[in-house]
């Protein structure tokens, strides 16, 4: 294979995972049962979002039909709920955070995996510890720092917090994949006169499965988070989808039609990202599982 073709070829999962590694039928039955249990709440939410309020409580487990079909929840979300603004805020925060997590995490992972320097192991361990310690433990300090920097009640405060939250996992995953890149390729690139920045740009496409895994695994907690939007950006102009959906939940009465409609619409970006990156995500999760 020519050198240029090697640079464009991503790291693949072992061949055993494609044909011989299917496993016994019993494992498939267990996985199928788990899938049904996992998607049942999602299907229930989507079905009931297209029903009237009486049908939600009276026929919760049946699909919508002509007598129960109602779009009042979606009408409320788009007319009274300002969903477009909340949705755009969530897209902006999540998109910027994922880009920063992937770029910064890949840069740190490249340095830790390719260079040998004093403190390399301790720095990698320090990044791994960040996976185990919840960032919410520092909420008070984060709020004080955000206020001191003038970022309170802004989307940038959420972007920076989510970037710090996702970096440890991104570095851990990308570092494992970058260590599998043959050093002969990197040495050949250096002999050809390529700079380290150019080599980094060539290595990044080789770890596309890891990048996809990082994107999906970091998007879900960011998109679904309610804690930091409620504390750092509770203003009407900076509300995210999850925080905006809370307006339909009251102390004495809740608009279940609008709440279920908002939750259904909030699922779409996560599902779309998973569908687009599903092949790369599966490769990223299975690569290295078998040697």
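What the table below lists for this structure:
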quantity	calculated
Hey, residue 152 over 18 Å from the mean Cα position of the chain (by Cα), assigned by TED's automatic domain parsing to the domain that holds residue 199 and touching a residue at least 60 places away in the same chain (Cβ under 8 Å) or not	yes
Flag for residue 206 being within 29 Å of residue 263 (Cβ to Cβ), in contact (Cβ under 8 Å) with a residue 60 or more places away in the chain and surrounded by fewer than 22 Cβ atoms within 10 Å (Cβ to Cβ)	no
Candidate set from region 68-81 (those that are modelled with pLDDT under 85 and in a loop (DSSP other than H, G, I, E, B)); member that is farthest from the chain's Cα centre (by Cα)	80
Given (1) touching a residue at least 60 places away in the same chain (Cβ under 8 Å); (2) at positive phi, index of the condition residue 112 fails	(2)
Out of 204, 243, 176, 217, sole residue that is at pLDDT below 90, over 25 Å from residue 134 (Cβ atoms) and assigned by TED's automatic domain parsing to the domain that holds residue 267	204
Selection within region 226-265 - within 18 Å of residue 55 (Cβ to Cβ) and surrounded by fewer than 14 Cβ atoms within 10 Å (Cβ to Cβ)	253, 254
Set 54, 60, 38: member being on the phi < 0 side of the Ramachandran plot and touching a strand residue (DSSP E or B) at 6+ places or on another chain (Cβ under 9 Å)	60
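The values are calculated or read from the model by the stated rules, or taken from the named source; none is laboratory data. Not measured: the values here are computed from a predicted model. With ideal geometry, Cβ positions are generated from the backbone for all residues, glycine too; neighbour counts draw on all protein chains shown.
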